[in-house]
Amino acid sequence: MSKTIKIVLISCLVIGYWSSYAQYYPNTEWERKSPSTFKINESKIQEAVAFAKANEYQGEKDIRLAILKGFSREPNHELLGPTKKRGGPAGMIIKNGYVIAEWGDLSRVDMTFSVTKSYLSTTVGLAFDNGLISEVNDRVDQYIWDGTFAGKHNSQITWEHLLHQTSDWSGALFGLYDWADRPTRDGQLDDWRYRELHTPGTHFKYNDVRVNVLSYSLLNVWRRPLPMVLKERIMDPIGASTTWRWFGYENSKVVIDGIEMSSVSGGGHHGGGMFINTYDQARFGLLFCRDGKWNNNQLISREWVKIIQTPAPAMESYGYMWWLNRGEQQWSETPDHLFYAAGFGGNYIVVDQEQDLVIVTRWLEPSQIGELVKTIYSSF
């Protein structure tokens, strides 16, 4: 046998070997496989599905009422963006890219509340990858000079502080004050309004006004609507439907380069945020499960997918607007390398890169997410 023929044969064997292990990505339709294909206990998976169906979120189906009740403690809380009546429990379990379980109406478009923050974080990552943001530790006032980050306190805030929700940004945006968002149980109006500020980076506080400050700042960096950036760079390439929408508030329009644009919200706290179906959530989760790669295209850098999982120094359970399954928020009997997007009403995208596993669940009673994930992992 000639040397040339040997080389050709070896090359064919190598190509054949690697192609047999090529990762599957869904096209228009998802391919389905039995859990047993992956040596997963099918009865346990069915138990998990039954559990998700039986533990529906107990809040109102009229989301306007659910929001107003859920945030009734907040001073002058009101709805400023669109809402939509929700559907029932729905979800998917994706293993190696294949659907191994599903339940509910997967095509229904629903609000997803703070899962939106993980989409917002993604548009920050794209700005980072494209050099629009040089370093996450850059002060934001180096980019936004309109007074949003003026003053001794706010001028210290970096992009990382905003992503980690440790900025303690102080002020008002679109008529909403930072101190009125999820105020402490103790104290009254003046205590909240005139509280002592924490040095940026030292104190974690989940706060949608500050998330919206990040969105507004990023809009000024991109100088294009963030939903357009997300659609072109992420959602279209992963084959998402055309049914999702990302809204801001009725009063969150800004003019950039002479064009009026909506500064979208990072959640549904006052209405708005991401409205999306379960299939599209699963595609988004699979992208991050695969290190930002879809087929042969690196849509967002591996570096970004890695750093979103870096815990905030002030909060071990939180990364760059993705929750981390560690610290005080860890679910029992589940791997600590999981990361996930989470939103009001029991909306979750759970990602396990080591198992190539994505779990999407909607309208699950939030207190039951740990038990659901534990049940799924008991099937392995």
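The values are calculated or read from the model by the stated rules, or taken from the named source; none is laboratory data. Here the structure is a predicted model, which is why all the values come from computation and not from measurement. Neighbour counts run over all protein chains shown; Cβ positions are idealised from the backbone, glycine included. With ligands, DNA and RNA removed, areas are computed over all heavy atoms of the protein, side chains included. Shrake-Rupley method; radii C 1.70, N 1.55, O 1.52, S 1.80 Å.
Results, tabulated for the structure shown:
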quantity	calculated
Residue count for segment 294-307, restricted to those that are open to solvent by less than 10 Å² (accessible area, probe 1.4 Å) and either assigned to a loop (DSSP other than H, G, I, E, B) or touching a strand residue (DSSP E or B) at 6+ places or on another chain (Cβ under 7 Å) (or both)	1
Segment 31-70, residues that are crowded, with 18+ Cβ neighbours inside 10 Å and part of a loop (DSSP other than H, G, I, E, B)	Ile40, Asn55, Tyr57, Gly59
Hits in segment 115-126 - residues which are over 13 Å from Glu160 (Cβ atoms) and either outside any helix (DSSP H, G or I) or aliphatic (A, V, I, L, M) (or both)	Val115, Leu120, Leu126
So Glu250, is it farther than 26 Å from Tyr377 by Cβ and open to solvent by 50 Å² or more (accessible area, probe 1.4 Å)	yes
First in segment 286-304 and within 14 Å of Ser121 (Cα to Cα) and at pLDDT 95 or above, second anywhere and among the hydroxyl-bearing types (Ser, Thr, Tyr) and open to solvent by less than 10 Å² (accessible area, probe 1.4 Å), Cβ under 7 Å, 6 or more apart	Ile300/Thr122
Residue within segment 280-293 that is among the acidic types (Asp, Glu), in a loop (DSSP other than H, G, I, E, B) and in contact with a Lys or Arg (Cβ under 6 Å, 6 or more places away or on another chain) present	yes
Residue in segment 119-134 that is farther than 23 Å from Val264 by Cα and β-branched (Val, Ile, Thr) present	no
Selected residue [open to solvent by less than 10 Å² (accessible area, probe 1.4 Å), out of contact with any Ser or Thr (no Cβ under 8 Å at 6 or more places or on another chain) and closer than 19 Å to Asn27 by Cβ] from Arg283, Arg290	Arg283
Exclusive hit being under 16 Å from Gly248 (Cβ atoms), under 17 Å from the mean Cα position of the chain (by Cα) and hydroxyl-bearing (Ser, Thr, Tyr), set Tyr119, Tyr206	Tyr119
Sole exception among (1) of a type in the set (Ser, Thr, Tyr); (2) open to solvent by less than 20 Å² (accessible area, probe 1.4 Å); (3) out of contact with any strand residue (DSSP E or B) (no Cβ under 7 Å at 6 or more places or on another chain) for Ser332, by number	(2)
Single match in Ile376, Ile349, Ile359 (criterion: farther than 28 Å from His161 by Cβ, modelled with pLDDT of 95 or more and within 16 Å of the chain's Cα centre (by Cα))	Ile359
